[in-house]
1. Can you pull out every residue in the stretch 1-20 that is part of a helix (DSSP H, G or I) and in contact with a strand residue (DSSP E or B) (Cβ under 7 Å, 6 or more places away or on another chain)?
2. Just checking, how many residues over the stretch 55-70 are charged (D, E, K, R) and in contact (Cβ under 8 Å) with a residue 40 or more places away in the chain?
3. Could you grab me the full set of residues in the stretch 17-74 that are farther than 13 Å from M1 by Cβ, of a type in the set (K, R) and loosely packed, with under 14 Cβ neighbours inside 10 Å?
4. Considering every residue within the stretch 12-24, establish whether at least one is over 22 Å from T86 (Cβ atoms) and without any contact (Cβ under 8 Å) to a residue 60 or more places away in the chain.
5. Among the residues of the stretch 3-42, which ones are at pLDDT below 95 and polar (S, T, N, Q)?
6. Name the pairs: first residue in the stretch 39-54 and within 12 Å of R72 (Cα to Cα), second residue β-branched (V, I, T), Cβ to Cβ under 6 Å, at least 6 apart or on different chains?
7. Can you list the helices (runs of 4 or more DSSP H) found entirely within the stretch 43-94 that contain at least 2 residues being over 16 Å from I33 (Cα atoms) and modelled with pLDDT under 90?
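The values are calculated or read from the model by the stated rules, or taken from the named source; none is laboratory data. Remember, it's a predicted structure, so these values are computed and weren't measured experimentally. Note that we place each Cβ from the backbone using ideal geometry, even for glycine, and neighbour counts take in every protein chain shown.
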Amino acid sequence: MNIIICDDRIDDRKNLSDLLSDYGEKKNYEFAITEYDSGEQLCEEQSALEACQLLFLDINMQGMDGLKTAMRIKEKYPKLPVVLVTAYMNYARVIDIAYLYQHSFRNILSVPLHLEHILMEYHINRIGHWSNQYSGH
(Lines give C-alpha, C1' and ligand atoms only; values in the text may rest on other atoms or scores of the structure.)
Protein backbone atom coordinates (compact mmCIF):
# COMPACT_ATOMS: atom_id res chain seq x y z
CA MET A 1 0.00 0.00 0.00
CA ASN A 2 1.38 3.42 -0.97
CA ILE A 3 0.95 5.83 1.92
CA ILE A 4 1.80 9.53 2.10
CA ILE A 5 2.33 11.38 5.37
CA CYS A 6 2.31 15.18 5.19
CA ASP A 7 3.19 17.03 8.39
CA ASP A 8 5.41 20.04 9.01
CA ARG A 9 6.77 18.50 12.21
CA ILE A 10 9.50 15.97 11.48
CA ASP A 11 9.00 14.17 14.82
CA ASP A 12 5.30 13.64 14.11
CA ARG A 13 6.04 12.37 10.59
CA LYS A 14 8.66 9.99 11.92
CA ASN A 15 6.39 8.73 14.73
CA LEU A 16 3.53 7.96 12.35
CA SER A 17 5.88 6.42 9.80
CA ASP A 18 7.47 4.23 12.49
CA LEU A 19 4.06 3.17 13.82
CA LEU A 20 2.88 2.22 10.35
CA SER A 21 6.11 0.37 9.54
CA ASP A 22 6.05 -1.57 12.82
CA TYR A 23 2.40 -2.43 12.36
CA GLY A 24 3.01 -3.53 8.79
CA GLU A 25 5.82 -5.82 9.88
CA LYS A 26 3.69 -7.40 12.61
CA LYS A 27 0.73 -7.94 10.29
CA ASN A 28 2.84 -8.82 7.24
CA TYR A 29 1.53 -5.80 5.28
CA GLU A 30 3.69 -3.96 2.78
CA PHE A 31 3.61 -0.20 3.23
CA ALA A 32 5.57 2.14 0.97
CA ILE A 33 5.63 5.37 2.96
CA THR A 34 6.57 8.75 1.51
CA GLU A 35 6.86 11.85 3.67
CA TYR A 36 6.32 15.54 2.88
CA ASP A 37 6.82 18.53 5.14
CA SER A 38 4.33 20.95 3.58
CA GLY A 39 1.05 21.03 1.74
CA GLU A 40 2.64 23.10 -1.00
CA GLN A 41 5.37 20.50 -1.55
CA LEU A 42 2.87 17.65 -1.61
CA CYS A 43 0.56 19.35 -4.12
CA GLU A 44 3.46 19.61 -6.58
CA GLU A 45 4.08 15.84 -6.49
CA GLN A 46 1.51 14.63 -9.04
CA SER A 47 3.10 11.22 -9.65
CA ALA A 48 3.23 10.48 -5.91
CA LEU A 49 -0.40 11.50 -5.50
CA GLU A 50 -1.47 9.35 -8.45
CA ALA A 51 0.18 6.31 -6.82
CA CYS A 52 -1.04 7.12 -3.30
CA GLN A 53 -3.64 4.82 -1.74
CA LEU A 54 -3.93 6.51 1.67
CA LEU A 55 -2.99 10.06 2.67
CA PHE A 56 -2.41 11.35 6.18
CA LEU A 57 -2.48 15.15 6.52
CA ASP A 58 -1.76 17.16 9.63
CA ILE A 59 -4.55 19.71 10.02
CA ASN A 60 -2.45 22.43 11.64
CA MET A 61 0.55 22.97 9.32
CA GLN A 62 2.35 26.22 8.59
CA GLY A 63 1.65 27.69 5.16
CA MET A 64 -1.03 25.66 3.42
CA ASP A 65 -2.79 23.84 6.26
CA GLY A 66 -4.13 20.31 6.02
CA LEU A 67 -7.67 21.35 5.13
CA LYS A 68 -6.59 23.55 2.23
CA THR A 69 -4.17 20.87 1.07
CA ALA A 70 -6.89 18.22 1.25
CA MET A 71 -9.37 20.37 -0.67
CA ARG A 72 -6.84 21.02 -3.41
CA ILE A 73 -5.89 17.35 -3.68
CA LYS A 74 -9.52 16.17 -3.60
CA GLU A 75 -10.27 18.38 -6.64
CA LYS A 76 -7.89 16.24 -8.72
CA TYR A 77 -8.16 12.95 -6.84
CA PRO A 78 -11.68 12.77 -5.39
CA LYS A 79 -11.45 9.06 -4.52
CA LEU A 80 -8.17 9.30 -2.62
CA PRO A 81 -8.76 8.44 1.06
CA VAL A 82 -7.58 11.35 3.19
CA VAL A 83 -7.19 11.10 6.95
CA LEU A 84 -6.82 14.42 8.75
CA VAL A 85 -4.57 14.09 11.80
CA THR A 86 -4.14 16.45 14.73
CA ALA A 87 -2.42 16.44 18.08
CA TYR A 88 -4.93 19.08 19.15
CA MET A 89 -8.43 17.62 19.04
CA ASN A 90 -9.81 20.91 20.37
CA TYR A 91 -8.45 22.55 17.22
CA ALA A 92 -10.39 20.06 15.13
CA ARG A 93 -13.54 20.89 17.08
CA VAL A 94 -13.09 24.57 16.32
CA ILE A 95 -13.25 23.71 12.63
CA ASP A 96 -16.80 23.66 11.34
CA ILE A 97 -17.56 19.94 11.45
CA ALA A 98 -20.54 20.42 9.13
CA TYR A 99 -18.14 22.00 6.62
CA LEU A 100 -15.89 18.95 6.81
CA TYR A 101 -18.80 16.57 6.26
CA GLN A 102 -20.07 18.67 3.39
CA HIS A 103 -16.71 18.17 1.71
CA SER A 104 -16.53 14.43 2.53
CA PHE A 105 -13.90 14.71 5.27
CA ARG A 106 -15.23 12.33 7.87
CA ASN A 107 -11.89 11.05 9.05
CA ILE A 108 -10.21 13.06 11.79
CA LEU A 109 -7.82 11.19 14.07
CA SER A 110 -6.15 12.61 17.13
CA VAL A 111 -2.65 11.74 18.25
CA PRO A 112 -1.74 9.30 19.69
CA LEU A 113 -2.97 7.27 16.78
CA HIS A 114 -4.23 3.73 17.03
CA LEU A 115 -3.38 1.86 13.85
CA GLU A 116 -6.44 -0.37 13.99
CA HIS A 117 -8.54 2.79 13.77
CA ILE A 118 -6.42 4.17 10.94
CA LEU A 119 -6.81 1.05 8.85
CA MET A 120 -10.51 0.87 9.71
CA GLU A 121 -10.86 4.46 8.45
CA TYR A 122 -9.09 3.45 5.25
CA HIS A 123 -11.52 0.54 4.83
CA ILE A 124 -14.50 2.84 5.45
CA ASN A 125 -13.21 5.32 2.90
CA ARG A 126 -12.72 2.58 0.31
CA ILE A 127 -16.27 1.27 0.62
CA GLY A 128 -17.81 4.68 1.27
CA HIS A 129 -19.92 3.70 4.27
CA TRP A 130 -19.86 1.75 7.51
CA SER A 131 -19.95 -1.96 6.90
CA ASN A 132 -21.53 -4.44 9.29
CA GLN A 133 -18.02 -5.55 10.16
CA TYR A 134 -17.31 -2.20 11.85
CA SER A 135 -20.74 -1.02 12.92
CA GLY A 136 -21.23 -3.77 15.48
CA HIS A 137 -24.31 -5.22 13.74
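1. Going through the stretch 1-20, the residues part of a helix (DSSP H, G or I) turn out to be 10-20.
The answer is D12, R13, L16, S17, L20.
2. Narrowing the stretch 55-70 to residues charged (D, E, K, R): 58, 65, 68.
Cutting the leftovers down to in contact (Cβ under 8 Å) with a residue 40 or more places away in the chain gives us 58.
Number of matching residues: 1.
3. Our first condition is that a residue be farther than 13 Å from M1 by Cβ; within the stretch 17-74, this holds for 17-19, 22, 25-26, 35-50, 57-74.
Still in the running and of a type in the set (K, R): 26, 68, 72, 74.
Scanning the stretch 17-74 gives a single hit, K26.
4. Step one: of the stretch 12-24, the residues over 22 Å from T86 (Cβ atoms) are 24.
So of that shortlist, the ones also without any contact (Cβ under 8 Å) to a residue 60 or more places away in the chain come out as 24.
The answer is yes; a qualifying residue exists.
5. If the condition is that a residue be at pLDDT below 95 and polar (S, T, N, Q), then N15, S17, S21, N28 are the ones that fit.
6. Matching pairs, first to second residue: G39/T69.
7. Values: elements: 46-51, 66-76, 89-94.
Correct list: 66-76, 89-94.
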